[in-house]
Amino acid sequence: MKLREGRLINVSNRLPVEIKNRSGHPRLSRSSGGLATALDSVWRGQHGVWIGWAGAAADSATADTLLQKAARGRSYSFKPVTISRDEVSKFYSGFANEIIWPLFHDMPSRCDFDPEYWEVYQRVNRRFAQVTAEIATAKDVIWAHDYHLMLMGRYLREAGSPAHAGFFLHIPFPAPDIFEKLPWRKSILRALLQYNLLGFQTDRDRYNYLSCLERILPEATASRSDLDNSVVLEGRRTRIGTFPISIAFEEFASHAASHEVESAANQFRHEMTNKFLVLGVDRMDYTKGIPERLKAFRILLRRFPELRHRVTLLQVVVPSREDIPNYKELRREVELLVSQINGEFTEAGWVPIHYMHRSLTRRQLLTYYRAADILLVTSLKDGMNLVAKEFCAAQVEECGVVVLSEFTGAAAELQHGAIVINPYDLTAIAEAIHRACVMPVEEKRSRMRLLRDIVRTYNVQSWADAFLSAASTAEPSVEPKAGREAGGSSPDEDAGIPLIAAGSSHDQRIA
Ligand code: ADQ
């Protein structure tokens, strides 16, 4: 979708390009991370500005020139937000990744609720808002991304920004029993309501958010009609919607169908001597359930000895957040498990687990997606999980099976084509892999066709169009005095009414 008037002001923690010091000189490189890549493909052709941090060497004298160079050939420009090294550590590694990330993934015991992190989080959010408010006009639409920027809506309003502002949360939103542990819970709920539109990955996340409001911020009143699900706080109305993110299906599918990927996949399969190839692809993150997956694979080899020699797990992990202690420990745990399992089962001509700890090119990734028989996604909690959708797009021969954690956002959409598992149930994961290995080919095909139809239809472009269309029409409005609070319905009447309409995540709609 192209905005009819005005520009799209996209705001995310990082820009899709990064300035790094190489051999003492600032140099441009692509940002790592699925989010930047996915969004970059959507904004092609969209006029506007992308605001974000440009990396560790962004304060160099040549940074502006490098960003102008990066914008050549694009329809939008880049505007950097300066963040000091200390702020990166307390805002990004600290508040975002040692508090919000674990808490919103239902792991409060991993949180470090350091009050200094909160101070810096506020300061950096205010700075993002100032940079944004300086350039956004009333005709523009601001789209803020993810848990790094939950307070920005509030600071935008304080800066008097007249633009429509929407916020999309890429990670899950927790249930009240978890969220209420956050010392700054009210401030965050209130600040989110300063946006005109809030978007969540699944109905469950949206429901959790509304339930948190009900418990923690009862002065906010939620209402719904057939078309609308909104919350009013102090006269401001915020619309709330479910918008499951997706991928550029045709781009993935056509590249996967290319001759170069096909021959690389055939070559790889040949080298694996046509074993059943089970694939895991993840960032190294404790939310992805990598140790659970490895332990389940060990159970598979113990319980189904006939699969030994016939099945191989290829686990690819991209390094992530390596300066945070939890992540270092996870890497040690994963590598120990891989070596224990390989030590227990390896025989001449067969190594059960092939482990790679590095970032892959798109071509390499597609080669493994295409070559694999089974994709194994065992996230303990995941906002969406784009890997599952990328695998489906790349399965041009329509023969692969997806074993998918029920705690991913993707499960809401893909549950009928995938084998859905509880990632805490290691025996069930092992049985699911076995079932996929022995599944008749007709069943594999019909499941994969269904999955591919879903991902083809609900792709990243339709996701962006739905969100932007909702954001650009979500008028901030003042609740009339004779409205529902005063006369329409009393707060008591809300008690028995569900706050959200039940419905499929595919509706990509408000309510
Ligand atoms: P992530 O937690 O990063 O994203 P995911 O959605 O699976 O999780 O995206 C990972 C991306 O990294 C994919 O595009 C994948 O191809 C890529 N990737 C993984 N391993 C790689 C490797 N070794 N080499 C190269 N690329 C690799 C967050 C949320 C998710 C949500 C997305 C988007 O945690 O739940 O789906 O944002 O909203």
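The values are calculated or read from the model by the stated rules, or taken from the named source; none is laboratory data. Nothing here was measured: the structure is a model prediction, and the numbers come from that model. Cβ placement follows ideal geometry from the backbone for every residue including glycine, while neighbour counts extend to all protein chains displayed.
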Which condition breaks for HIS47 when tested against (1) at pLDDT 85 or above; (2) at positive phi? (2)
Mind checking whether some residue in segment 252-271 is within 16 Å of the ligand (Cβ to nearest atom) and farther than 20 Å from VAL455 by Cβ? yes
So TRP53, is it in the same structural domain as PHE467 (by TED's automatic domain parsing), among the hydrophobic types (A, V, I, L, M, F, W, C) and farther than 24 Å from MET284 by Cβ: no
Out of ARG239, ARG293, ARG331, report the one residue that is within 16 Å of the ligand (Cβ to nearest atom) and crowded, with 18+ Cβ neighbours inside 10 Å. ARG293
Is one or more of the residues making up segment 262-276 among the basic types (Lys, Arg), in contact with a Ser or Thr (Cβ under 8 Å, 6 or more places away or on another chain) and within 21 Å of ALA464 (Cα to Cα)? no
What's the number of the condition HIS354 fails, among (1) away from the ligand (no atom under 15 Å from the Cβ); (2) more than 23 Å from the chain's Cα centre (by Cα)? (1)
Take the conditions touching a residue at least 40 places away in the same chain (Cβ under 8 Å), closer than 30 Å to ALA248 by Cα and away from the ligand (no atom under 16 Å from the Cβ) and apply them to THR287. Does it pass? no
Filtering segment 363-388 down to residues that are more than 8 Å from the ligand (Cβ to nearest atom), under 18 Å from the mean Cα position of the chain (by Cα) and among the charged types (D, E, K, R) yields LYS381
Would you call ILE178 touching an Asp or Glu at 6+ places or on another chain (Cβ under 8 Å) and among the hydrophobic types (A, V, I, L, M, F, W, C)? yes
Only one of (1) at pLDDT 95 or above; (2) in contact with an Asp or Glu (Cβ under 6 Å, 6 or more places away or on another chain) is not met by PRO108, so which one is it? (2)
Counting only strands (runs of 3 or more DSSP E) entirely within segment 19-113, those with at least 2 residues that are in contact (Cβ under 8 Å) with a residue 60 or more places away in the chain are 48-53, 76-80
Of the conditions (1) aromatic (Phe, Trp, Tyr); (2) within 26 Å of VAL141 (Cβ to Cβ); (3) not assigned by TED's automatic domain parsing to the domain that holds ILE19, PHE95 clears all except one; give me its number. (2)
Just checking, how many residues over segment 224-265 are free of Cβ contacts under 8 Å to residues at least 60 places away in the same chain and under 30 Å from VAL311 (Cα atoms)? 4
Among residues of segment 308-323 being of a type in the set (Val, Ile, Thr) and within 14 Å of the ligand (Cβ to nearest atom), the residue surrounded by the most Cβ atoms within 10 Å (Cβ to Cβ) is VAL317
Among helices (runs of 4 or more DSSP H) lying entirely in segment 397-511, which contain 2 or more residues that are surrounded by fewer than 22 Cβ atoms within 10 Å (Cβ to Cβ) and modelled with pLDDT of 50 or more? 426-438, 441-457, 460-473
